Amino acid sequence: MRPLVIAHRGASAAYPEHTRPAYEKALADGADGLECDVRLSRDGQLVLMHDRVLDRTTELRGPVSRRSVPELRGAGVMTLEELIELARGAGRPVKLLVETKHPNRYGKAVEQRLLALLRRQGLDRPRAGEQVAVTMMSFSPLAVRRVRALAPTLPRVQLLDLIPPGLKPSRLPFGARIAGPGLELVRRRPDLVRRLKARGNDVYIWTVNELADVDLVVGLGADAIITDRPAEVRNHLLGGVL
Ligand code: G3P
Ligand code: CA
């Protein structure tokens, strides 16, 4: 079984991150899933944005949390609802990995809004016949715990950029069954993936863009590869035969 290929912020090496063209390209590339970061707008909608402020990726300035969706749309920012619609239009199974960013101005409201949206869309739990399957991710264990309370059967990824002091490296907090270590952490702790998997966890590794690193994480047993270059990674995993 090859690992899943998840497009990080869309096919973000080819198109600007978190934009419609980046996600359309990822779907056309055959990515198994789409990754996105979500933040709350001033008018309470989840929008796709990595940074707290808009400066790096749009022509607007300042915090996302102070702008309304109409303003953000005008700057090319997508809502999560629009991404769900895009994924549903793919006509094939698509995983949607939604990362909630913390700390942020609205705190737990981000997970509450996420679950409200997923419930409205019928995506708050795995469902037979549903093409879009959502997985929640966060670096914040409290956010992961909140989602467990709100939607116990929704898959959750505990993202890790380091092993928090006091945490056993193979034991995930609050019942998450998927670990999301960064590539740098995996390099520093080559035993980590094996130990996580030995405890029954799946392991999704980010952000893997070089083919030598793809080989490395495949060798370690990664269950998913989160990459800015889904076409190249998928092609490599399929042995160069598209
Ligand atoms: O997929 C996990 C990865 O996206 C976490 O890091 O900074 O790219 O959101 P970041
Ligand atoms: Ca992310």
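The values are calculated or read from the model by the stated rules, or taken from the named source; none is laboratory data. This one's a predicted model, so the numbers in the text were calculated from it and none came from an experiment. Because the Cβ atoms are built from the backbone with ideal geometry, glycine has one as well, and the counts that use them run over all protein chains shown.
Quick check, is A22 free of Cβ contacts under 8 Å to residues at least 40 places away in the same chain, in a helix (DSSP H, G or I) and crowded, with 19+ Cβ neighbours inside 10 Å?
On the way: free of Cβ contacts under 8 Å to residues at least 40 places away in the same chain: yes; in a helix (DSSP H, G or I): yes; crowded, with 19+ Cβ neighbours inside 10 Å: yes.
For A22, the condition - free of Cβ contacts under 8 Å to residues at least 40 places away in the same chain, in a helix (DSSP H, G or I) and crowded, with 19+ Cβ neighbours inside 10 Å - is met.
Between a residue in the range 47-62 that is part of a strand (DSSP E or B) and any residue that is aliphatic (A, V, I, L, M), which pairs come within a Cβ distance under 6 Å, given they are 6 or more apart or on different chains?
Partner pairs satisfying both residue conditions: V47/L72; V47/V77; L48/M78.
Kindly indicate whether any position in the range 83-101 is crowded, with 21+ Cβ neighbours inside 10 Å, more than 18 Å from the chain's Cα centre (by Cα) and either in a helix (DSSP H, G or I) or away from ligand 2 (no atom under 14 Å from the Cβ) (or both).
The answer is no; no qualifying residue exists.
Results for (1) over 18 Å from the mean Cα position of the chain (by Cα); (2) hydrophobic (A, V, I, L, M, F, W, C); (3) within 13 Å of ligand 1 (Cβ to nearest atom), shown as yes or no for each residue.
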site	(1), (2), (3)
P152	yes, no, no
Q158	no, no, yes
R177	no, no, no
E184	no, no, yes
R189	yes, no, no
G200	yes, no, no
W206	no, yes, yes
E232	yes, no, no
L237	yes, yes, no
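Go through L27, L72 for me and flag whichever is assigned to a helix (DSSP H, G or I), in contact with a Ser or Thr (Cβ under 8 Å, 6 or more places away or on another chain) and not polar (S, T, N, Q). So that I can check it myself, show each step before the final result.
Details: L27 fails: in contact with a Ser or Thr (Cβ under 8 Å, 6 or more places away or on another chain).
Among L27, L72, only L72 is assigned to a helix (DSSP H, G or I), in contact with a Ser or Thr (Cβ under 8 Å, 6 or more places away or on another chain) and not polar (S, T, N, Q).
If the requirement is being away from ligand 1 (no atom under 15 Å from the Cβ) and modelled with pLDDT of 95 or more, which of these qualifies: D43, D32? Even if it seems obvious, please write down each step before you answer.
Details: D32 fails: away from ligand 1 (no atom under 15 Å from the Cβ).
Of the residues listed, the single one that is away from ligand 1 (no atom under 15 Å from the Cβ) and modelled with pLDDT of 95 or more is D43.
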